[in-house]
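Enquirer: What follows is a structure written as structure tokens; I'll ask about it next.
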Amino acid sequence: MTRRRMLALGAAGLGALAVGDGGPEMATITRPLARGRAVIHPGHGPHLPRPGAMPARLPPLPARTDAVHRLPDLFPTVPPETIALTIDDGPQPEWTPKMLDLLAEFDVKATFSLIGIQVKQFPKLADRIVRAGHQLCNHTMTHPLGIASMSRKRVDAEITEAHDRIGHATGVAPKFFRSPGGAWSHAVFHSAARHGMVPIDWDIDPRDWARPGTRHIKRAMLKAKGGDILLCHDGGGDRSETIKALRKVIPELKKRGLTFVPL
Ligand SMILES: [Zn+2]
């Protein structure tokens, strides 16, 4: 049943992707006029909620026992030449804007895994990510690397606080959860599910956070094939190698016919 539910959700997610931004659904009727007409302001539809307004809580999902590693696990009907870039540990004032500029330059939509304490410090940056059309992932409040051995109560506090911070800064309730270091436990799966979030891992990891050199990051990322979820970082330190590598990797993967999608 869990899988069936996931499949249904996957189809809905892909449908949302296919619609994209900028269509007529982006218009919101904000104020009825005396004669029954309405003032329509573009650009504030359901895809661009207002920051400061807490989003409605997502309905809980059945808890999974594993995280999603590849796109077909999430979207069974996804075209085979589709890949997803996930960018973790921001928002960060120096590197997130550089990452956003780079993604805009190549017209790539990605998924940003946000840390609650970073969002608390840089709420406008979190909002800028959403306004640029990227997807969000909850990445806990404080990024505890020992989360898999934490009590259910502490796990829940980490996830709930981040959920609220992100919601407040962006108006978005994240539909995805990434655990720090990819560490999972029963408690983590349960808390993510309770918040209506699908747990997400990756299958291409260039370990860019360890600054292994631009060439190493490039080589690891160029192994990506259709259906892969790629992991990179815009927080946690100097990300110049990541940015330099992506500047080469993104056009090269596109040239091979791969299309980047947000989750
Ligand atoms: Zn992380």
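Enquirer: What are the ³J(HN,Hα) values, in whole Hz, obtained from phi via the Karplus relation 6.51 cos²θ - 1.76 cosθ + 1.60 with θ = phi - 60°, for each residue of the range 50-56 in sequence order, with x given for Gly and Pro?
Expert: Each residue of the range 50-56 in turn: 7, x, x, 9, 5, x, 5 Hz.
Enquirer: Provide S185, S179, S149 in ascending order of the number of other Cβ atoms located within 10 Å of each residue's Cβ, fewest first.
Expert: Numbers: S185 15, S179 27, S149 11.
If I rank by nearby Cβ atoms, fewest first, I get S149, S185, S179.
Enquirer: Quick one: length gained pulling E252 to D66 fully straight, 0.36 nm per residue minus the C-alpha distance? Spell out each step's value before the answer.
Expert: Details: separation 186, 0.36 × 186 = 66.96 nm, distance 3.14 nm.
Net length gain for the segment: 63.8 nm.
Enquirer: Sort V249, V119 so that the residue with the fewest other Cβ atoms within 10 Å of its own Cβ comes first and the one with the most comes last. Before the final figure, lay out the partial values.
Expert: Working: V249 24, V119 27.
Going from least to most buried by this count: V249, V119.
Enquirer: Output wanted: per-residue J couplings in Hz (rounded whole) for the range 93-103, from phi through Karplus 6.51 cos²θ - 1.76 cosθ + 1.60, θ = phi - 60°, x for Gly and Pro.
Expert: The phi angles translate into x, 8, 8, 4, x, 5, 5, 4, 4, 4, 5 Hz.
Enquirer: Next question. For the range 54-134, what D do you get in µm² per second when you plug the Kirkwood radius from alpha-carbon pairs into Stokes-Einstein at 20 °C and 1.002 mPa s? Display every interim value, and only then the final one.
Expert: On the way: Rh = 14.7 Å.
Estimated diffusion coefficient is 146 µm²/s.
Enquirer: Once phi is turned into ³J(HN,Hα) by the Karplus curve 6.51 cos²θ - 1.76 cosθ + 1.60 with θ = phi - 60°, what whole-Hz value does each residue of the range 151-156 show in order, with x for glycine and proline?
Expert: 5, 4, 5, 5, 4, 4
Enquirer: Where does each of M99, M54, M197, M150 land when they are ranked from fewest to most other beta-carbon atoms within 10 angstrom? Provide the component values of the computation, followed by the final result.
Expert: On the way: M99 26, M54 12, M197 22, M150 17.
Arranged by neighbour count, lowest to highest, M99, M54, M197, M150 become M54, M150, M197, M99.
Enquirer: Place the peptides 205-211, 189-195 in order of packing, highest mean first, counting for every residue the other Cβ atoms within 10 Å and averaging per peptide.
Expert: Details: 205-211: 18.0, 189-195: 21.4.
Ranked by mean Cβ neighbours within 10 Å, highest first: 189-195, 205-211.
Enquirer: Taking all pairs of different Cα atoms in the range 114-214, averaging 1/r and flipping that mean, what Kirkwood radius in angstroms comes out?
Expert: On the way: mean 1/r = 0.0719 Å⁻¹.
Every distinct Cα pair counted, the radius reaches 13.9 Å.
Readers should treat all values here as calculations from the given coordinates under stated rules, not as data from a laboratory. Just so it is clear, the model here is predicted, and its values are computed rather than measured. Glycine also receives a Cβ, built like all others from the backbone with ideal geometry; neighbour counts cover every protein chain displayed.
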